[in-house]
Every structure is written in structure tokens, then in C-alpha cells.
1. Straight distance only, please: which aspartates and glutamates reach the Cα of Lys152 with their own Cα at less than 17 Å, same-chain residues fewer than 8 apart left out?
2. If amide H atoms are built 1.01 Å from N in the plane of the peptide, which residues on other chains or at least 5 residues away come under 5 Å of the amide H of Leu55?
3. Compute the distance in nm between two label points, each set 7 Å from the Cα along the Cα-to-Cβ direction, one at Arg15 and one at Ser74.
4. What are the residues whose amide H is under 5 Å from the amide H of Ser49, where those residues sit 5 or more places off or on another chain and H is modelled from the backbone?
5. Stretched out fully, how many nm does the piece from Asp41 to Glu98 gain, at 0.36 nm a residue minus the Cα gap?
6. Contour minus end-to-end for His62 and Ala176, with contour as 0.36 nm per residue of separation and end-to-end as the Cα-Cα distance?
7. In whole Å, what is the distance between the alpha-carbon centres of the range 179-195 and the range 13-34?
8. Under a 5 Å amide H to amide H cut-off, with H placed in plane at 1.01 Å, what residues pair with Ile142 once short-range neighbours are removed?
Amino acid sequence: MLRRLYRRWRRGRLREPGYAGLFDEHPHELVSLDCETTSLDVSRAELLSIGAVKLRGNRILHSEALYLLVRPRSEPSSDNIAVHGLRRRDVGLGLAPEEAVRRLLDFIGGRPLIGYYLKYDVAVLDKYVKPLLGAGLPQRRIEISSRYYDYKFKQQPGAYIDLRLACLYRDLAIPAPPRHDALGDALGAAMLYLALRQRGFG
């Protein structure tokens, strides 16, 4: 009850009432989300790409995926390019960050978000969302690494649990995406979520 009242209060404080639908949950749909950025430091990070895909029940809706290149203010460094493969000329053709975030918000609606270390992605996105809406992303969040930890802890209480992404793919028998990009990682997180849900940890 208190959570519902708080969400209603936040909804009423939006700068753009047209985005009030962000507070309307979809009980049977989720969105898996991943972002590529210029830095792992949230205070300095700029968006380079956004990947998102919807899930409905036990299905990943590949046909309803979103992939956006984003044009940062500063060019990505060579070290950064080596990680995500996005060259200066690639992101130079991307959307302005504000436009990319608007498209993402329209895509997500009020659907809960799934991700691997999702807190970081949301923190970077909120740098763009808060000036637009007057509030951060309001959607419920499902953290893959936390669900995996609970799953392993139930099997072996007190044992060391490796939360590296490669370990999750291997242990849950999910093929890792062929290349490291935002959409591939969003699809991978969606598959990991469904694998954990089939084991009772969704």
C-alpha cells in the first residue's frame, strides 16, 4: 500500500505528464536492458549504445528489440573502443543522448527492468532521465546477479559464489552472445533470467 502511494506521489511530480505511463506496471511483460558507456565511473560515463528487449511470459520477443547508437559529447578512447567495438565514426552517427533516452522510455513504459549489474546502467541513464522527468527511472528492477546468488546459496550455503557473467552463462548452460554489445548483452540477460525462473528464482 505504501509503495503504491509513493509511486502515485512520484507520478504526480513528473515534469512531463505524458510519461505518467512509466508508473503503470505490465504484469506479464518485462524489459531486459543493457548500456555501453565511455567509462565505468558513473560520474564521467556517457552513453554509447542502448540495447533492450521485451519478455512476455516465457518468451523473449526478439522482434520487439531496441538498439540505439548514441552520440557522446567526447569521443571514446582507444581502450574504450577495444571493449565494446564502437568506433568514433560509429557513434558519430548516433542519436543525441536525450533523443535516445526518450525512445527508450517509450519502449519500456512501466515494465519492470532486468539486467546484469543493472544498478550501473540505471545510474547512467538517470543522468539523462532526471533532467527530463524531474525523477529517475521508476520501474521495478530485477538484478540477475542477485537472483543467481540466491540460487547458488540455496544449493551450497556458505560456499564461494562466482558472479562473473561468463560463469553464469556456463553454469546455467546459456550460450554467451557472439559479440559484446548492448543488445547482445540484453538478450543474454533475458535468457539468464528465464533459466533462473525455470529453477524457481525468477
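1. Within reach: Glu143, Asp162, Asp171.
2. The list, which skips near neighbours in sequence, is Leu30, Val31, Ser32, Leu61.
3. 2.4
4. For Ser49, whose amide H was placed from the backbone, the distant partners under 5 Å are Glu36, Val70.
5. 18.5 nm
6. This chain segment gains 39.4 nm when fully extended.
7. The range 179-195 and the range 13-34 have Cα centres separated by 21 Å.
8. Leu113, Ile114, Gly115
The values are calculated or read from the model by the stated rules, or taken from the named source; none is laboratory data. Keep in mind the model is a prediction, meaning the values are calculated, not measured. Here Cβ is always computed from backbone atoms with ideal geometry, including for glycine, and neighbour counts include all displayed protein chains. The area values use the complete protein model at the heavy-atom level, side chains included, leaving out ligands, DNA and RNA. Shrake-Rupley method; radii C 1.70, N 1.55, O 1.52, S 1.80 Å.
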